[in-house]
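Worksheet: one structure, shown below.
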Amino acid sequence: MPTSPSDREADLVGLADLAVVGAGPAGLAAAVAAAGLGLRVTVLDAGERPGGQYYRHPAPGLGAARPEALHHDWADFASREAALRAHEAAGRITYLPFHHVWTVVQDRQRWTLHAVAGPEESAAAVHAEAVLIATGAYERQLPFPGWTLPGVVGAGGAQAMLKGGLVLPGRRVVVAGSGPLLLAVAGSLAAAGARVPAVVEAASYSGYAGQAPALLRNPGKIAEAATYGGALLRHHVRLLTRHAVTEAHGADRVEAVTVARLDRDWRPLPGTARRIPCDAVAVGHGLVPQLELATGLGCATAPAADGTAALELDARQRTSVPGIWSAGETGGIGGAQLAMTEGEIAAFAIAGVPVPAALVRRRARLRAFAAAMGAAHRPGDGWTGWLRDDTDVCRCEEVPAGCIREAVEDLGAGDARTVKLLTRAGMGWCQGRMCGPAVAALAGEASSSPGAAPDRRPLSCPVPLRHLAELPATEA
Amino acid sequence: MSQNPRNRSPRALVGGDPEATYMLRFDGRDLPAQTGQSIAAVLWSAGILAWRTTRETGAPRGAFCGIGSCYDCLVIVNGRPNQRACLVPARPGDTVTTQEGTGRADLAV
Ligand SMILES: Cc1cc2nc3c(=O)[nH]c(=O)nc-3n(C[C@H](O)[C@H](O)[C@H](O)COP(=O)(O)OP(=O)(O)OC[C@H]3O[C@@H](n4cnc5c(N)ncnc54)[C@H](O)[C@@H]3O)c2cc1C
Ligand code: FES
């Protein structure tokens, strides 16, 4: 098995029955279940350890005696990780950490996955009969003046850095944005020693009021929320709903934020602004499915309740492209339990074994909950009211809101794609992952075509030019 | 961490007992690092939030998304530019330097 760097450079990893991209809850559960059903599985993951975003945990060298202190349901992960190692030892699973898959191409009846491997950025390729895309999600960011200042970080990002590296961005951290992740993040930051003066949530939790059935069918989720609520009370964290951070202040780093009350469309209400001193801001407005590999293959998408685009999947987790499957947040944001359930469903389906009814029921219940949650936290159109013309919207190419507004109002750009061509917003390193939702909203796409199919991206991560040059022309 | 009034810290929370600590060289300074931390984690531990300047305005940036998606945390590691500090584990003997502008433009995006 290719575990040493020199073997990685040697590049070919036989032919697997199934290649899984992503070792988060979905990919890990799928790989372990599929190997248990007799498939030869290769798992590729950009990260260093299995677990994905939810089960991200400190490196062994950090000697954490209680990694579970930062997680719910740690046992669900621990048992699967143990199974992964056992299958690996038995030669049924090949696990390739630090492999960032940048494209998947079909050649004859099988798939070839091309990856950039390790810090040395060597090229690697894996061949497989079937592919499961379990690439999860990243955070949805809505820009505000000052959001590029050091000390403003993603809420999930702060959580990821805390879980993986046992570090905090600051001592006094305002948590802001929208969605249930904020409560988890605030709870972890506070438990790890940060002071959290406020959780600033743009939605009003009364958005859940019409969703009683979905909530009642998920008592576990209510208990989880109560745990977070309890932790916040214990740490004296204030929860401000229907409020937003509308500006971050500071010279070289954040020193304070302005928080304002919002109307029901998320428009800041004049005269309600107040300042909260802090040395970091953890901000996020929900998550966005990470789809570039799937859309690059032509997999169909559909709008989800939270306003994002998600893969269209059938009852057996099949995408619209035969041979390509998907599980977890690529099919819509829904949490780790749902991701594991879907990973297992996919494993049964790929192995050609009937899917246990309990899994199907669990998926239906958790998906209903996710939809209720997504609708409650979906951004209102009025958030663009807190952008100033000089606020950078695209962090990579440093394109300010005024420039995008000009492209829309004076040059007639009516969609994010045209804005991108005119302004370069979304053309930089991150390929629009950070500014995409904001640019779409400024281009007027948000309300007219929610969750519009994302642009196809040629590569899912930057790739050394020498690797591109090595690809046969038909594949690139 | 000891100045924390309630004596809470990420390490205390998980009962962390690092195998080894060492010094990581960053822009001519030695920063304390723990085996297994990413480069971004070592920098955050030292209270450093910015280690890159942007191409257009030279604005300071550091880790933003924390998971390898935003490319804001690019840094030069042992002379190799454009490394994502949030993904790359720090190793004893590494030299890390601030990345100004593009670093090197040989990656396709
Ligand atoms: C930053 C962040 C922090 C979060 N924190 C929490 C939390 O504290 N609590 C909570 O309940 N939920 C949290 N979530 C949500 C949680 O991640 C999901 O509910 C759950 O992890 C989804 O599982 P998944 O398997 O679908 O995806 P993920 O867990 O996202 O796993 C996807 C995996 O795919 C890998 N990957 C992606 N693209 C590629 C590629 N091209 N090549 C190779 N590998 C690739 C990634 O490295 C990752 O390991 C967080 C989400 C994010 C984005
Ligand atoms: S912090 Fe976003 S890529 Fe490293």
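Here are some notes:
- Candidates are the residues of the range A:213-270 that are part of a helix (DSSP H, G or I) and more than 20 Å from A:PHE369 (Cβ to Cβ); the one that is modelled with the highest pLDDT is A:ARG234.
- Checklist (1) away from ligand 2 (no atom under 16 Å from the Cβ); (2) within 30 Å of A:VAL281 (Cβ to Cβ); (3) surrounded by 23 or more Cβ atoms within 10 Å (Cβ to Cβ) applied to A:ALA158, failing item: (1)
- The number of residues in the range A:330-364 that are more than 14 Å from A:VAL131 (Cβ to Cβ) and within 16 Å of ligand 1 (Cβ to nearest atom) comes to 17.
- Among the residues listed as B:THR53, B:THR21, B:THR57, the single one being without any contact (Cβ under 8 Å) to a residue 60 or more places away in the chain and facing chain A (nearest Cβ under 7 Å): B:THR57
- Some residue of the range A:44-67 being of a type in the set (Phe, Trp, Tyr) and assigned to a strand (DSSP E or B): no
- Every residue from the range B:59-95 that is basic (Lys, Arg) and near ligand 2 (Cβ under 6 Å from one of its atoms): B:ARG84
- Residue in the range A:383-397 that is β-branched (Val, Ile, Thr) and assigned to a loop (DSSP other than H, G, I, E, B) present: yes
- Counting the residues of the range B:81-93 that are at the interface with another protein chain (Cβ under 10 Å from one of its Cβ atoms) and either farther than 16 Å from A:HIS100 by Cβ or β-branched (Val, Ile, Thr) (or both) gives 3.
- Selection from the range A:296-308 of residues that are within 16 Å of ligand 1 (Cβ to nearest atom), within 15 Å of A:ALA370 (Cα to Cα) and buried (at least 21 other Cβ atoms within 10 Å of the Cβ): A:ALA304, A:ASP306, A:THR308
- For the range A:138-178, a residue qualifies if it is on the phi < 0 side of the Ramachandran plot and in a strand (DSSP E or B), and the qualifying residues are A:TYR138, A:GLU139, A:VAL152, A:VAL153, A:GLY154, A:ARG172, A:VAL173, A:VAL174, A:VAL175, A:ALA176, A:SER178.
- Of the criteria (1) within 7 Å of chain A (Cβ to nearest Cβ); (2) out of contact with any Cys (no Cβ under 6 Å at 6 or more places or on another chain), which one B:ALA40 fails: (2)
To keep it simple, each residue is scored yes or no on (1) within 16 Å of ligand 1 (Cβ to nearest atom); (2) within 14 Å of chain B (Cβ to nearest Cβ); (3) touching a strand residue (DSSP E or B) at 6+ places or on another chain (Cβ under 6 Å).
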{"site": "A:GLU247", "(1), (2), (3)": "no, no, yes"}
{"site": "A:GLY250", "(1), (2), (3)": "no, yes, no"}
{"site": "A:GLU255", "(1), (2), (3)": "no, yes, yes"}
{"site": "A:ASP265", "(1), (2), (3)": "no, no, no"}
{"site": "A:PRO270", "(1), (2), (3)": "no, no, no"}
{"site": "A:PRO277", "(1), (2), (3)": "no, no, yes"}
{"site": "A:PRO289", "(1), (2), (3)": "yes, yes, yes"}
{"site": "A:ALA294", "(1), (2), (3)": "yes, no, yes"}
{"site": "A:GLY328", "(1), (2), (3)": "yes, no, no"}
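The values are calculated or read from the model by the stated rules, or taken from the named source; none is laboratory data. For clarity, every value in this text was computed on a predicted model and none was experimentally measured. Reconstructed Cβ throughout: ideal geometry from the backbone, glycine too, with neighbour counts over all protein chains shown.
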